[in-house]
1. Which angle between 0 and 90 degrees, to the nearest 10, do you get for helix 224-243 versus the longest principal axis of the chain when only C-alpha atoms count?
2. Could you give the nm distance between label points at residue 295 and residue 92, where each point is 7 Å from its Cα heading toward the beta carbon?
3. Can you tell me the 0 to 90 degree angle between the C-alpha axis of helix 315-328 and the longest principal axis of the chain, rounded to 10?
4. Assuming a ≥ b ≥ c are the square roots of the Cα gyration tensor eigenvalues, decide whether segment 301-365 counts as rounded (a/c under 1.5), prolate (otherwise, with a/b larger than b/c) or oblate.
5. Name the lysines eligible as straight-distance cross-link partners of residue 433: C-alpha to C-alpha under 27 Å, and not fewer than 8 places from it in the same chain.
6. Rounded to the nearest 10 degrees, what's the angle between the helix 96-122 long axis and the longest principal axis of the chain, both from Cα atoms, 0 to 90?
7. Could you give me the ³J(HN,Hα) list for segment 22-29, computed from phi with Karplus coefficients 6.51, -1.76, 1.60 and θ = phi - 60°, whole Hz, x at Gly and Pro?
8. For segment 342-374 and segment 402-455, what is the separation of their Cα centres, given in Å?
Amino acid sequence: MEVKEYHSLREIIWLMLLVAIVYYQVHDFEFVQYDDPAYIYENSYVKKGLSSDGIKWAFTCQDDKQTLKYSGVENIYHPLTWLSHMLDVQIFGMKSGLHHISNVLLHCIGGIYCFLFVRKFTKSANVAFIASALFLIHPTHVESVGWVSERKDVLSGVFFWSALYYAISKGRYAGHLAYTCLVLGLLSKPSIVVLPLIVILIRIYTSDKSFTSKNFLQATLKYKYWLLTAIVFSLITFYLQRTGSHQQFADQSSIMSRVPSIVLGYWFYLYRSIIPLDLSFSYPLPAFGQRLVTFSCIALFGLFYLVWALRHRAPALFFGVVWFTLCWLPISGIIYIGVDFTVDRYLYFSLGGFFIILAQYLERSYLRRMLAFAVITIFSILSYQQVKVWENTESLFINATKSQPESYMGWTNLGAYYQTQYQIEDAINSHKKSIQLNPRAHISEYNLSRCYLYKKNYVLAAEHLEKSFKIAPYYKPTLKLLETLRIRVDK
């Protein structure tokens, strides 16, 4: 039976009302001193709005005029995301609240396409409502929406869900629209290179065919152009990562040294999906021994084997776990992407499969629907509180030190914020805490040097600057400050 359109419209309105309740507060939020300067208000191309130079830079990643203040912003190829930031500046100027609202609106559009896709996929508006509500208000998704610099998540989310919707539609131009959405999504965030594989998974899951290697190969051949497109964007991203400033950090990190964080990260993501408490922009790698890593590896391979063995008897479980794992692979750390152990924003697409199968389960009886209502209510309350974290720089970093006090990144960034407010003693204490947690925290060593220079304690300033250089001799601010001090001494 076809879903009645007016029922769907009613449920979409309820979904938008739910988002408004959770996210309305962002209208007067500030930019934060965590990538927002590099991405928006101190980016020489973005802050001009839409311009020929900016558009050229967005697509070529070539800063010919050497005007960029921050390195690393060109390490990811997402020209549409850059253009969206430029358009915001063109229309709103630097009114930060309106940039936040743009994120929320894109999140809403993605949620609508999520609803339309799940409705067509399951032929149930109730299932679609539950699944899309979970997507829209899950607490781990707050980072993607409440952080302006994470525009690439919500923008690519629009194209991710619309590609899935058109991929299973039967209209005359549905296939062309789906492929177009794939390309636009890749131009917004390259990590959705897994989208062709998810479409293949959906095709096999919804057909009468079983999950066999032969059926997978047949579906793969059908979407060969999608896969080739994804491969091209993967190569572009890999090239930019290898030639950009991230390579300096990647050279310090081998794949074997990342194995603990890769394996433990998988289980940590699953845990936080179910219990989204004590959320932060940064999480420390938990203390671990060889036994824990070995057990986690065995458990992970055991999970994969069990899911594969039960693929015919429990196809929904196979569907959810494979969806999650496919989305996890690009951000797992197999290829170096950053120093973070795990981050909330990487769950933005990963939970889609679980949301669908959970919604199908919860929709089957009145009591289960009441349970769904309770889960959505609890998640909405948690998200409402989590949104407040992104109000300004101070609230963001203080939350990090309270919710994850063992994360040196929280203390490093809080110290840097205190420096901008000339609260030097607070800054020194924060950086010392960071170094206590991670003796190789070279940015905190550098910032301590700046703090002691401000206090005219040149002995301690030189000591911490030397430590920063020994830990990270490639760190440009340290090199620049060393050169400045040498010039002053020579004079």
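All of the numbers you see were taken from the coordinates with simple rules; none came from a lab. As the structure is a prediction and not an experimental result, all values here were calculated from the model. Reconstructed Cβ throughout: ideal geometry from the backbone, glycine too, with neighbour counts over all protein chains shown.
1. Helix 224-243 sits at roughly 10 degrees to that axis.
2. In this crude spin-label approximation the distance works out to 4.7 nm.
3. The two axes meet at around 20 degrees.
4. Note, shape of segment 301-365 comes out oblate.
5. List returned: 388, 402, 455, 456, 467, 470, 476, 480.
6. For helix 96-122, the angle is close to 30 degrees.
7. Karplus-based 3J(HN,Hα) across segment 22-29 equals 6, 10, 4, 5, 6, 4, 10, 6 Hz.
8. That distance is 39 Å.
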